[in-house]
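The values are calculated or read from the model by the stated rules, or taken from the named source; none is laboratory data. What you see is a predicted model, and the numbers here were worked out from it, not measured in a lab. A quick note on method: Cβ atoms are made from the backbone with ideal geometry, for glycine too, and the neighbour counts reach across all protein chains shown.
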Amino acid sequence: MKRILILLALLLGTTGAFACTSVVVSGRVTKDGRPLMWKNTDGSGVYSSQRYSYHNEGKYAWVGLSQTAPNPIVAWFGTNEKGFSIMNTMSYSHIWDPEERKHISNGFLMKEALDVCVTLEDFCHLLDTINIPKTIRSAKKYVSSHYGVIDAKGGAAYVEVKYSGKKLEYWVMDVNDPAVAPDGWLVYANFGRHGNPNTGKGYYRHDAAVKVFKEATPTRDYTPQLCLDRCSRGFYSAGMGIDHRALVDAGIELGTGLIPFDDIICNDGTYQASVLVGVRPGEDPSLTTIWAALGCPATSVAIPLWVKGGREGINPLLRGDAANKDNAPICDLSLKLKTQIYIGNTNNALVYLNFRKLYNVRGDGYMQLLAPTEKAVFALTEPYLEKWRKAGKCNAKDIAEINRQVQDIILSNPLYQNLPYTYEYK
């Protein structure tokens, strides 16, 4: 019976509502001593508006995936001016019942934390003291989540949280502790270490990400580029044991180029990918950097942002467009290309991904054409980061110049010009 339950859990570990994949990497194992966290966000729709916004309505200012209007009630990934950074993946292990899951909204705790927290300990104190029914401005007040947290003091952990209307429970997985994370990192998908056993989702996505970080462990080459290129755009199917990119790199293209995508990290429900690089203890928290690839990561380009820049310091390509359902321009461009890579059957259900459009032996797939652009964005930004680190603080004037040049670099890519494709939000 146990074996049947495990197999059922694996089958349920495919794409679904709020099915994300993530990692937290301790600064004790990175080459530069700075912690890192990555999240690939999945949801229940195929086309979703995404944007980064700045907020200073709470005790501390922060930037994150949230509404652009004042006083948001949720956030889904972000960092504040003190270097406290948080993300999450939905847990299908802590609250398993489908009726109870209708009451879950995990993002409100992240918004509350970004408003007031400085350290991992502060977040735990928030969990110990928060009165969810009175504090949370949302009709959905259950919590079933794995929160990834890093701070400017060296903290790095996942915190599994369960609240189903009565007692709030949580478990801290300290990524700095070799007994918990022997290699200095942990991957989380949609099943918890402390939840109901043999339940949850995302087992194959989890295994695909683990493979990437296991391979990087000998060299400790943990970077934003690794997270984006090998995880969000990796296209390794752990269920089949097939690396679709590796086949193309070897000159092999199978059949029509169509591949099933349910157990792949970048799937039809992927909304965005973000990577955050923290600071060493003692460094100015303003140096905390987010790299955001909004929309489908395979058809998007990562753009940097910092809290120090304020509202106007967020790259215009990342800001919500009020005329387009609060969708950022880079997300809009990505979604237009996304319409070309997923294939439906006669009932219009998406069943395959046209991988050949993304990556092929000719070298003219979307990912291949966008890769030099993203590389140029990183190459432009890195010298500024080094200058700021030597100076000991982030420079708002430099941010404006980075944003101007990044926008020019991205919009000059021919692939993004005059796109004729349209989509409907769903």
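Within segment 262-287, work out how many residues are among the hydrophobic types (A, V, I, L, M, F, W, C) and either outside any strand (DSSP E or B) or out of contact with any helix residue (DSSP H, G or I) (no Cβ under 7 Å at 6 or more places or on another chain) (or both). Give the steps one after another, and end with the answer.
If we filter segment 262-287 for residues that are among the hydrophobic types (A, V, I, L, M, F, W, C), which is where we start, we get 264-266, 273, 275-277, 279, 287.
Then drop every residue that is not either outside any strand (DSSP E or B) or out of contact with any helix residue (DSSP H, G or I) (no Cβ under 7 Å at 6 or more places or on another chain) (or both), which leaves 264-266, 276, 279, 287.
Residues meeting the conditions: 6.
Return the only residue of LEU247, LEU254 being closer than 23 Å to TYR204 by Cβ and modelled with pLDDT under 95. Walk me through how you get there before you give the answer.
On the way: LEU247 fails: modelled with pLDDT under 95.
When all the criteria are applied, what remains is LEU254.
Hey, can you tell me all the residues within segment 88-123 that are aromatic (Phe, Trp, Tyr) and either part of a loop (DSSP other than H, G, I, E, B) or over 20 Å from TRP76 (Cβ atoms) (or both)?
Our first condition is that a residue be aromatic (Phe, Trp, Tyr); within segment 88-123, this holds for 92, 96, 108, 123.
Result: TYR92, TRP96.
Taking segment 319-341 only, how many residues are within 16 Å of the chain's Cα centre (by Cα) and either surrounded by fewer than 24 Cβ atoms within 10 Å (Cβ to Cβ) or not aliphatic (A, V, I, L, M) (or both)?
Looking only at that region, the number is 2.
Provide a single number: the residues in segment 328-384 that are among the acidic types (Asp, Glu), free of Cβ contacts under 8 Å to residues at least 60 places away in the same chain and farther than 17 Å from VAL46 by Cα. Break it down into steps so the answer makes sense when it comes.
Going residue by residue through segment 328-384, those that are among the acidic types (Asp, Glu) are 332, 364, 374, 382.
Filter once more, so that each one left must be free of Cβ contacts under 8 Å to residues at least 60 places away in the same chain: 332, 364, 382.
Those left that are additionally farther than 17 Å from VAL46 by Cα: 364, 382.
Selection size over segment 328-384: 2.
In this structure, does ILE264 turn out to be within 19 Å of HIS206 (Cβ to Cβ) and aliphatic (A, V, I, L, M)? So that I can check it myself, show each step before the final result.
Numbers: within 19 Å of HIS206 (Cβ to Cβ): yes; aliphatic (A, V, I, L, M): yes.
Yes: the conditions hold for ILE264.
Tell me whether segment 212-226 contains one or more residues that are within 29 Å of LEU333 (Cα to Cα), among the polar types (S, T, N, Q) and in contact with a Ser or Thr (Cβ under 8 Å, 6 or more places away or on another chain).
Step one: filter segment 212-226 for residues within 29 Å of LEU333 (Cα to Cα), giving 212, 222-226.
This time we only want the ones that are among the polar types (S, T, N, Q), so: 223, 225.
If we keep only those that are in contact with a Ser or Thr (Cβ under 8 Å, 6 or more places away or on another chain) as well, we get none.
No: segment 212-226 contains no residue that is within 29 Å of LEU333 (Cα to Cα), among the polar types (S, T, N, Q) and in contact with a Ser or Thr (Cβ under 8 Å, 6 or more places away or on another chain).
For residues that are under 21 Å from LEU228 (Cβ atoms) and without any contact (Cβ under 8 Å) to a residue 60 or more places away in the chain, tally how many sit in segment 385-407.
The qualifying residues number 2.
With the condition kept exactly as written, say whether any residue in segment 122-135 is touching a Lys or Arg at 6+ places or on another chain (Cβ under 7 Å) and farther than 28 Å from ARG319 by Cα. Spell out the reasoning first.
The initial filter retains those residues of segment 122-135 that are touching a Lys or Arg at 6+ places or on another chain (Cβ under 7 Å), namely 132-133.
Then drop every residue that is not farther than 28 Å from ARG319 by Cα, which leaves 132-133.
Yes: one or more hits.
Can you tell me which residue is farthest from ALA19 (Cα to Cα) among those in segment 174-215 that are in contact with a Leu (Cβ under 6 Å, 6 or more places away or on another chain) and not in a loop (DSSP other than H, G, I, E, B)? Can you show your working first?
First, the residues of segment 174-215 that are in contact with a Leu (Cβ under 6 Å, 6 or more places away or on another chain): 175, 198, 201, 203.
Restricting the remaining residues to those that are not in a loop (DSSP other than H, G, I, E, B) gives 201, 203.
Values: LYS201: 7, TYR203: 11 Å.
Ranking the qualifying residues of segment 174-215, first place goes to TYR203.
Within the set of pairs 6+ apart or on separate chains, which have a first residue in segment 53-72 that is touching a residue at least 12 places away in the same chain (Cβ under 8 Å) and surrounded by 23 or more Cβ atoms within 10 Å (Cβ to Cβ), a second that is of a type in the set (Gly, Ala, Ser) and part of a loop (DSSP other than H, G, I, E, B), and C-beta atoms under 8 Å apart?
Once the first residue is touching a residue at least 12 places away in the same chain (Cβ under 8 Å) and surrounded by 23 or more Cβ atoms within 10 Å (Cβ to Cβ) and sits in segment 53-72, its partners that are of a type in the set (Gly, Ala, Ser) and part of a loop (DSSP other than H, G, I, E, B) give SER53/SER66; SER53/GLY320; HIS55/ALA61; HIS55/SER66; TRP62/ALA75; GLY64/ALA75; LEU65/ALA75; SER66/ALA75.
Pick from segment 41-52 the residues that are under 22 Å from TRP291 (Cβ atoms) and among the polar types (S, T, N, Q): which of them is surrounded by the fewest Cβ atoms within 10 Å (Cβ to Cβ)?
Kept after step one, since they are under 22 Å from TRP291 (Cβ atoms), are these residues of segment 41-52: 41-43, 48-52.
Narrowing the set further to residues that are among the polar types (S, T, N, Q) leaves 41, 48-50.
Details: THR41: 26, SER48: 21, SER49: 19, GLN50: 26.
Looking at residues that are under 22 Å from TRP291 (Cβ atoms) and among the polar types (S, T, N, Q), I get SER49.
Using beta carbons and a limit of 7 Å, which pairs, at least six apart or on different chains, have the first residue in segment 301-320 and within 23 Å of LEU370 (Cα to Cα) and among the aromatic types (Phe, Trp, Tyr) and the second one at pLDDT below 95 and crowded, with 24+ Cβ neighbours inside 10 Å?
So the pair list comes out empty.
Can you work out which of the residues in segment 348-391 that are modelled with pLDDT of 95 or more, among the small types (Gly, Ala, Ser) and under 21 Å from LYS338 (Cβ atoms) is surrounded by the fewest Cβ atoms within 10 Å (Cβ to Cβ)?
It comes out as GLY363.
I'd like the full set of residues that are buried (at least 24 other Cβ atoms within 10 Å of the Cβ) and either within 23 Å of LEU276 (Cα to Cα) or of a type in the set (Ser, Thr, Tyr) (or both), limited to segment 126-156.
Step one: of segment 126-156, the residues buried (at least 24 other Cβ atoms within 10 Å of the Cβ) are 143-152, 155-156.
Answer for segment 126-156, where residues must be buried (at least 24 other Cβ atoms within 10 Å of the Cβ) and either within 23 Å of LEU276 (Cα to Cα) or of a type in the set (Ser, Thr, Tyr) (or both): SER144, SER145, HIS146, TYR147, GLY148, VAL149, ILE150, ASP151, ALA152, GLY155, ALA156.
Looking for something surrounded by fewer than 21 Cβ atoms within 10 Å (Cβ to Cβ), more than 18 Å from VAL277 (Cβ to Cβ) and of a type outside the set (A, V, I, L, M, F, W, C) - is there at least one such residue anywhere in segment 186-193?
Within segment 186-193 (the criterion being surrounded by fewer than 21 Cβ atoms within 10 Å (Cβ to Cβ), more than 18 Å from VAL277 (Cβ to Cβ) and of a type outside the set (A, V, I, L, M, F, W, C)), the answer is yes, since at least one residue qualifies.
Out of the residues in segment 124-143 that are of a type in the set (S, T, N, Q) and assigned to a helix (DSSP H, G or I), which is nearest to PHE18 (Cα to Cα)? Can you show your working first?
First pass over segment 124-143, keeping only residues of a type in the set (S, T, N, Q): 129, 131, 135, 138.
When the remaining residues are screened for being assigned to a helix (DSSP H, G or I), the result is 129, 135.
Working: THR129: 27, THR135: 23 Å.
The extreme case among them is THR135.
Tell me which residues, restricted to segment 75-125, are farther than 19 Å from VAL175 by Cβ, surrounded by fewer than 20 Cβ atoms within 10 Å (Cβ to Cβ) and more than 21 Å from the chain's Cα centre (by Cα).
Answer for segment 75-125, where residues must be farther than 19 Å from VAL175 by Cβ, surrounded by fewer than 20 Cβ atoms within 10 Å (Cβ to Cβ) and more than 21 Å from the chain's Cα centre (by Cα): TRP96, ASP97, PRO98, GLU99, GLU100, ARG101, LYS102, HIS103, VAL116, HIS125.
In segment 39-74, how many residues are in contact with a Gly (Cβ under 8 Å, 6 or more places away or on another chain), small (Gly, Ala, Ser) and in a loop (DSSP other than H, G, I, E, B)?
Total meeting the criteria: 6.
Checking ILE341 against (1) of a type in the set (Val, Ile, Thr); (2) over 15 Å from LEU415 (Cα atoms); (3) touching a Cys at 6+ places or on another chain (Cβ under 9 Å): exactly one of these is not met. Which one?
Tallying (1) of a type in the set (Val, Ile, Thr); (2) over 15 Å from LEU415 (Cα atoms); (3) touching a Cys at 6+ places or on another chain (Cβ under 9 Å), ILE341 fails exactly one: (2).
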